[in-house]
Amino acid sequence: MIIDMRSDTVTVPTPAMRAAMANAEVGDDVYGEDPTINRLEELSAQMMGKEAGLFVPSGTMGNLTAVLTHCTRGDEAIMGHLGHTFLFEAGGVAALGGVMPHTIPNQPDGSLKLEDIQDAVRSEDVHYPPSRLVILENTHNRAGGTVLGVDYTAQVAEVAHRNGLKLHIDGARIFNAAAALGIKAEALVKDADSVTFCLSKALCAPVGSVLCGSGEFIHRARKLRKQLGGGMRQAGILAAAGIVALQEMVPLLPDDHRRAHLLAQGLKSVPGLVVETDPPQTNMVFTRLDDASPLTGSELVMLAAEKGLRFGMVGERRFRMVLHHWIDDAAVTKAVDVLNSILNS
Ligand SMILES: *Cc1c(COP(=O)(O)O)cnc(C)c1O
């Protein structure tokens, strides 16, 4: 048995999802006639406290669709320099939308300073591109699966709106953030104009994300999704898994967080390994090799893989381990044992 901690995207669908997929009622969604997609979009909107939702093939397309709906060519979108939208979406907003990313520093907790956001907003001047959008990421992946709170999000929305900008939340893991705070996800996106969340990460669905916002916003976003080639037909087969994800998997996320704690606790006793996320806020544990260790980062990754433990590198000697539904307590113990056996010898 391989223990795969590279990401929560490696999760495969649960038996309940496969059953729901096999039995899904479907229709042509470009005609708006797939009842299962319609149900998923309604349920998503309801859980986000928004008027409407739009099923998209990926989180990347959800964010891209949101940016293209909020902005036109030549506009600027303010985002963190460690944000997924800046680092890991292949520059789509620039390549396909002519939208200029204006990066400001992510703080160690994943937040953006309110002053930095305010300073990044352009004044009216013939030289400047118009500022149109602020993007927050919650949980913040590169910062270590960190959580942005309700009050902070409201403050960012206030700065954005006061300056005539919109706020989009890349909430790929917004349900992890909500679980960590013991609140409903709705509370974390209340002041945002749009939010994307992923069904295909810790929620175990095979494919898909949902973009939510006002009815008018989603109406426009639907056309952009079509332009991007994201109009799907009988994709209710996929949406059926998404509904199970929202109903059955969201309540289980605290288990992943508990196991992340367990893993961090265990790894603290492994010689040569430094646990950075201590304690982890959600389902991610970041570690690094201490300077004295004779191994390189890639050597450690290789040796662990040979013993059935997979995880990813986020720097030359830094690693990310992500907990998810298919990693149980025994697997956490085994992961610690594997690293102990490599680094203790
Ligand atoms: C995974 C992820 C996305 C994109 O999702 P894909 O479905 O992989 O395209 C966006 N933002 C964050 C923070 C993510 O972790």
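The values are calculated or read from the model by the stated rules, or taken from the named source; none is laboratory data. Predicted model only: the values in this text are computed from it and were never measured. Because the Cβ atoms are built from the backbone with ideal geometry, glycine has one as well, and the counts that use them run over all protein chains shown.
Residues of the stretch 82-105 that are among the hydrophobic types (A, V, I, L, M, F, W, C), under 16 Å from the mean Cα position of the chain (by Cα) and in a helix (DSSP H, G or I): Phe86, Leu87.
Report yes if Val250 is β-branched (Val, Ile, Thr), part of a strand (DSSP E or B) and at pLDDT 95 or above, otherwise no. Working first, answer last.
Details: β-branched (Val, Ile, Thr): yes; part of a strand (DSSP E or B): no; at pLDDT 95 or above: yes.
No.
Just checking, which of Val93, Val56 is in contact (Cβ under 8 Å) with a residue 24 or more places away in the chain, touching a Pro at 6+ places or on another chain (Cβ under 8 Å), within 14 Å of the ligand (Cβ to nearest atom) and aliphatic (A, V, I, L, M)? Steps first, answer last, please.
Working: Val56 fails: touching a Pro at 6+ places or on another chain (Cβ under 8 Å).
Just one listed residue meets the conditions, Val93.
Note on the stretch 277-320: residues that are part of a loop (DSSP other than H, G, I, E, B), over 17 Å from Val10 (Cα atoms), within 25 Å of the chain's Cα centre (by Cα) and not β-branched (Val, Ile, Thr) amount to 7.
For the stretch 5-29, what are the residues that are within 28 Å of Ile135 (Cβ to Cβ) and away from the ligand (no atom under 16 Å from the Cβ)?
Of all residues in the stretch 5-29, those within 28 Å of Ile135 (Cβ to Cβ) come to 5-11, 29.
Within the stretch 5-29, Asp29 is the sole residue that qualifies.
Residue pairs whose Cβ atoms lie under 8 Å apart, separated by 6 or more positions or on different chains, with the first residue in the stretch 252-275 and within 24 Å of Ala202 (Cα to Cα) and the second of a type in the set (Val, Ile, Thr) and surrounded by fewer than 17 Cβ atoms within 10 Å (Cβ to Cβ), are Gly266/Thr333. I'd like to check something: does the stretch 326-334 contain any residue that is surrounded by fewer than 22 Cβ atoms within 10 Å (Cβ to Cβ), in the same structural domain as Val270 (by TED's automatic domain parsing) and part of a loop (DSSP other than H, G, I, E, B)? Within the stretch 326-334, one or more residues are surrounded by fewer than 22 Cβ atoms within 10 Å (Cβ to Cβ), in the same structural domain as Val270 (by TED's automatic domain parsing) and part of a loop (DSSP other than H, G, I, E, B). Kindly evaluate Ile37 against the criterion of being surrounded by 22 or more Cβ atoms within 10 Å (Cβ to Cβ), farther than 28 Å from Glu248 by Cα and in contact (Cβ under 8 Å) with a residue 40 or more places away in the chain. Spelling it out, it is not the case that Ile37 is surrounded by 22 or more Cβ atoms within 10 Å (Cβ to Cβ), farther than 28 Å from Glu248 by Cα and in contact (Cβ under 8 Å) with a residue 40 or more places away in the chain.
Per-residue answers, yes or no, for (1) loosely packed, with under 14 Cβ neighbours inside 10 Å; (2) not aromatic (Phe, Trp, Tyr):
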| site | (1), (2) |
| --- | --- |
| Glu76 | no, yes |
| Asp109 | no, yes |
| Val159 | no, yes |
| Asp170 | no, yes |
| Phe175 | no, no |
| Ile183 | yes, yes |
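Residues that are within 16 Å of the ligand (Cβ to nearest atom) number at least 3 in the following helices (runs of 4 or more DSSP H) confined to the stretch 106-211: 174-181, 185-189.
Scanning the stretch 186-210 for residues that are surrounded by fewer than 23 Cβ atoms within 10 Å (Cβ to Cβ) and farther than 30 Å from Leu165 by Cα gives Pro206, Val207. Looking at Ala202, Ala192, Ala160, Ala154, which is the one that is without any contact (Cβ under 8 Å) to a residue 60 or more places away in the chain, in contact with a His (Cβ under 7 Å, 6 or more places away or on another chain) and not polar (S, T, N, Q)? None of the others qualify; the one that does is Ala192.
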